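These notes concern the structure reproduced below.
Read the figures in this text as sums done on the coordinates, not as results from a lab. All of these numbers come straight from a predicted model, not from anything done at the bench. Cβ coordinates were reconstructed from backbone atoms using ideal geometry, including for glycine residues, and neighbour counts include every protein chain displayed.
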Ligand SMILES: [Zn+2]
């Protein structure tokens, strides 16, 4: 293991353009379940995987109903606002600050790379803390919107 770590370090230092590709395993240490691991979301709840695809279809065909359901049911991931970055997230942020790592490309929607201090992050599957306009692709911080209030006022989907 020690040898592998030394080799990884020297490969990183000698690289011309190092990037990190991360997935669910990156955040399991922060308490967010992965999908297909032994205790993964899809492993434990195969019906939830089917529902996830139906949910996306609902988002496309009936966005108002999608948002109402989303606001009334708990997130698959639990409360992402309460989890915190783990040493792996901080290590990647530190490598970026040192100029060794150029960017992080992540499948994770948990925002933990950003919260750990990484500046150049590509959220390949989106970000649970941002909204994206499906017409023009502009992104907005979720916190700019009071979704419960919009629901109460019958103004869903969120007007971007
Ligand atoms: Zn737009």
Taking the chain as the reference, fit the longest principal axis to its C-alpha atoms, fit the long axis of helix 87-97 to the helix C-alpha atoms, and give the angle between the two in degrees, 0 to 90, nearest 10.
70 degrees
Okay, which of the stretch 71-106 sit inside 20 Å, backbone N to the point 7 Å along the Cα-Cβ direction of residue 9?
87-102
Assertion target for 121, 134, ordered by fewest C-beta neighbours within 10 angstrom first, is 134, 121
Note on the chain, DSSP bridge orientation, antiparallel percent to nearest 5 equals 25 percent
What is the extension gain from residue 100 to residue 79, computed as 0.36 nm multiplied by their sequence separation minus the C-alpha to C-alpha distance, in nm to one decimal?
4.3 nm
What is the calculated FRET efficiency for residue 19 to residue 39, with r their C-beta to C-beta distance and R₀ = 25 Å, to the nearest 0.05?
0.30
Is the chain best put as rounded, prolate or oblate by its Cα gyration tensor, with a ≥ b ≥ c the root eigenvalues, rounded for a/c under 1.5, and otherwise prolate when a/b is larger than b/c, oblate when not?
prolate
